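Contents: one structure, followed by commentary.
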Amino acid sequence: MSEKPHTVAIGAFMIGALLIAIGTALFLLGAGMGQKQTMVMVFDTSVKGLNVGAPMAMRGVQVGQVTGIELIMDSETLDLITIVEADFIENRLHWLGREDEDEDLTEALIARGLRAQLNTQSLLTGLLYVQLDFHPDSEIVLADIDSPYMQLPTMPTSMERITRKLQDINITKLAGEFESVITSINTVVRSEEFQAMPAAVKTALDSLTELSDQLQQQLAASGPKLNTVLDETTTAMSVVNTELPKLSGMVESNLDALNVAIAAFEEAMTDIGGLVSYDSATTHRLNEALQEISRAGVALQSLAKTLQEQPESLIRGKSGDK
């Protein structure tokens, strides 16, 4: 009788342990008890390291797991693509402030930039997982496949983009061009012109140094002469500034006297005109003398005006002269 209760207790314990193990396994595998949505993702790169049961995570939080991996080849182009199926657990992601409750959550997330990428779980093991994140600026690129499930757009990671660019580089062509550049440099370095270049540069530097020394000597020798010229110029300007008013006054006095003489001459011509005929040689010579006196008066007026406006013209000449 005492063995029966022990048997029942052991059986109950085993059943409880089994239920706990099953629940823990379901939780760890990400199956959970929430609503699941199966979706497919298409990758055109190697998925080595991605296994069935691999997690699907968003910002480090597991929101699903991989349930199937299938390789498909295009019969015409022989291009290979990999279709990855995964269960997305919607209740792992809560949307606050959602206006339209009837809107499909996954479609809304895709429209807002949700994309799938393959990322590394561990560098040591090389295992991969599906990483979900938002990339609003990326395009929605969907593959032409026949599947009953919603397709989640994929995009390469930064490392994959770098790898593709490296693969597009023609290493052979690049190496040939590099070898050609090295050969050209080697040819230039070994040429006689390049070998003679240091001597030519040294000669040019020596000439430049000699020219600089000559300029310094000439400047040193010209310094006193320049100072003398400047002193003489200053003295001449002082004399001009002192004598200019006197000269201007003399010109004006002579101009006034000339005007008086012209007036007297004209009066005399009037008196002479009554004594001498109009077309006589005497009248002609007197008219020429009068014109010369008038031109002299105009010249004196011009000189006086120039001295008043440009007193430095006594030294430099008029501004129009070269």
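Only the coordinates and a few stated rules stand behind these numbers; no lab work does. On a predicted model such as this, the values are computed, not experimentally measured, just so you know. No Cβ is skipped: glycine too gets one built from the backbone with ideal geometry, and neighbour counts run over all protein chains shown.
Would you kindly identify the helices (runs of 4 or more DSSP H) lying entirely within segment 103-209 that contain at least 2 residues that are among the hydrophobic types (A, V, I, L, M, F, W, C), within 30 Å of D87 (Cβ to Cβ) and within 37 Å of the chain's Cα centre (by Cα)?
Of the helices (runs of 4 or more DSSP H) lying wholly inside segment 103-209, those with at least 2 residues that are among the hydrophobic types (A, V, I, L, M, F, W, C), within 30 Å of D87 (Cβ to Cβ) and within 37 Å of the chain's Cα centre (by Cα) span 105-111.
Looking only at segment 69-82, which residues are at negative phi and over 44 Å from the mean Cα position of the chain (by Cα)?
I69, E70, L71, I72, M73, D74, S75, E76, listed by residue number.
Could you look through segment 43-64, keep only residues that are within 19 Å of M159 (Cα to Cα) and among the β-branched types (V, I, T), and pick out the one that is surrounded by the fewest Cβ atoms within 10 Å (Cβ to Cβ)?
Within segment 43-64, the match that is surrounded by the fewest Cβ atoms within 10 Å (Cβ to Cβ) is T45.
Which of the numbered conditions does G126 fail, given that it passes all the others? Conditions: (1) at positive phi; (2) in contact with a strand residue (DSSP E or B) (Cβ under 8 Å, 6 or more places away or on another chain); (3) without any contact (Cβ under 8 Å) to a residue 60 or more places away in the chain.
Condition (3) is where G126 drops out.
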